[in-house]
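Take a look at the structure set out below.
The values are calculated or read from the model by the stated rules, or taken from the named source; none is laboratory data. Every value quoted in this text rests on a predicted model; they were computed, and no experiment measured them. Cβ atoms come from the backbone with ideal geometry, glycine included; neighbour counts cover every protein chain shown. Areas reflect the complete protein model, heavy atoms only, side chains present, ligands, DNA and RNA absent. Shrake-Rupley method; radii C 1.70, N 1.55, O 1.52, S 1.80 Å.
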Amino acid sequence: MGEKSSEDQVFDSVAELFAVLSTPIRLKIISAVCQGEKNVSELLSEIDTTQPNMSQHLSMLYRSGVLAKRREGTQMYYRLQSERVATLCRAVCTQVAIELEGEAQIATADRLVPAMHR
């Protein structure tokens, strides 16, 4: 076997990203941090899960490069690393909403994955 082609490298990278995004709670986390960084307590108030489960998913999103983090005192704050993931999630959510409910649901998709706040 030779080296992977650049096309194979792209497909591998995309498959890894889709694997990271394949869990609904991770999509909810991405949606929650689109408008700005949040700490774990703020995320737990928006997303129905346990603190250990939230931490596990935040760790995965951080290790995969989807999220960035910073510490302030005892709190850890998370934010999107790049607009790329938000754009991808918004596009997919919009398309699914259209297919499920019609174009009136586009607003719902925009609410689920809002534009990233700078």
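Structural remarks
- For Met76, the amide hydrogen comes within under 5 Å of the amide hydrogens of Val40, counting only partners 5 or more places away or on other chains and with H modelled in the peptide plane.
- Peptide ranges 12-25, 73-86, 56-69 listed from the most packed, as the mean C-beta count within 10 angstrom indicates: 56-69, 73-86, 12-25
- Among residues other than Ser13 with Cβ under 13 Å from its Cβ, the summed charge is -2 (Lys and Arg +1, Asp and Glu -1).
- The listed peptides 44-51, 87-94, ordered by packing as a protection proxy, come out as 87-94, 44-51 (highest mean of other Cβ atoms within 10 Å first).
- Both radii are taken from the alpha-carbon atoms of the stretch 21-89; with Rh as the Kirkwood radius, Rg/Rh is 0.92.
- Within straight-line reach of Lys28, meaning a Cα separation under 30 Å, sit the following lysines at least 8 residues removed in sequence or on another chain: Lys38, Lys69.
- Long-range HN-HN contacts of Ser64 with modeled amide H, under 5 Å: none
- Counting 0.36 nm for each residue step from Asp12 to Thr50 and taking away their Cα separation leaves a gain of 10.5 nm.
- The stretch 1-81, accessible area per residue, ligands and nucleic acids excluded (1.4 Å, Å²): 64
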